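The next block holds one structure in the form of structure tokens; read it before the comments.
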Amino acid sequence: MKIYIGCGLTHVPRDYFSEHAEFINQLAARLTEAGHTVKYALRDSDPQLAEKPFGERARLCYHWDRKMVEEADLMVAEASFPSTGLGIEMQIAERRDTPIVVCFRDFGTNKIAPVTYETPDHQRHELQIGEGFVTLMALGVPSIFRVIRYSTKNGGIEQVLAAISLLDR
């Protein structure tokens with residue numbers, strides 16, 4: 001199966017970046033060992049973008065990452081940190097009816113606190129943030145097959161592999 005691993009990178013707190021990238025790289029390695037063809041930005045687009053003129057990088061990033069999503073039979077969306085790009089990739093996958101496995105890690109600091117707001121007519125409401133990790137709109141994407149919350153790197157990898165094995169024919 002062709003698998004695309006999408007992930008937020010831009011807004012990952014730098015204290016977590018190495019660990020987050022290590023999770024993505026190890027997940028890709030395990031999926032490859034299981035016989036899948038895997039593509040993801042940390043290997044298949046970001047390093048190549050660094051070699052291109054700065055003014056062309058955004059266009060190429062969109063083009064290359066979109067193509068990886070469109071060619072995939074399955075998308076793994078690692079959603080531990082907010083990412084506009086990951087949301088766009090999930091929508092591209094959904095438009096193609098590509099199954100998506102969403103996973104996110106509870107780092108202990110990436111859960112957003114509830115907030116109350118007031119509407120123009122002075123009514124007070126609680127902002128609908130679900131469990132506070134992944135936005136409800138992203139979790140509502142129709143082609144999501146599984147949502148996985150994990151607390152350790154190895155546990156997360158095993159849970160993602162188990163979910164994918166259910167889809168692997």
Taking the stretch 131-169 and keeping only residues that are crowded, with 18+ Cβ neighbours inside 10 Å, out of contact with any Leu (no Cβ under 9 Å at 6 or more places or on another chain) and part of a helix (DSSP H, G or I), one is left with Ala163
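Test of understanding: among Glu89, Glu56, which residue is surrounded by 22 or more Cβ atoms within 10 Å (Cβ to Cβ), part of a helix (DSSP H, G or I) and of a type in the set (D, E, K, R)?
Details: Glu56 fails: surrounded by 22 or more Cβ atoms within 10 Å (Cβ to Cβ).
Every option except Glu89 fails the conditions.
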List the number of the failed condition for Glu94; all other conditions in (1) within 17 Å of Gly156 (Cβ to Cβ); (2) in contact with a Ser or Thr (Cβ under 6 Å, 6 or more places away or on another chain) hold. (1)
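Kindly provide the set of residues from the stretch 10-37 that are in contact with a Gly (Cβ under 8 Å, 6 or more places away or on another chain) and either of a type in the set (A, V, I, L, M, F, W, C) or assigned to a helix (DSSP H, G or I) (or both), ordered by number.
Here is the first cut: in the stretch 10-37, the ones in contact with a Gly (Cβ under 8 Å, 6 or more places away or on another chain) are 10, 23, 27.
Phe23, Leu27, listed by residue number.
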For the stretch 17-54, what are the residues that are among the hydroxyl-bearing types (Ser, Thr, Tyr), more than 16 Å from Asp168 (Cβ to Cβ) and in contact with a Lys or Arg (Cβ under 9 Å, 6 or more places away or on another chain)? Ser45
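All of the numbers you see were taken from the coordinates with simple rules; none came from a lab. Note that the coordinates shown come from a computational prediction; the quantities given were computed from them, not determined experimentally. As a convention, Cβ positions derive from the backbone with ideal geometry for all residues, glycine included, and neighbour counts pool all protein chains shown.
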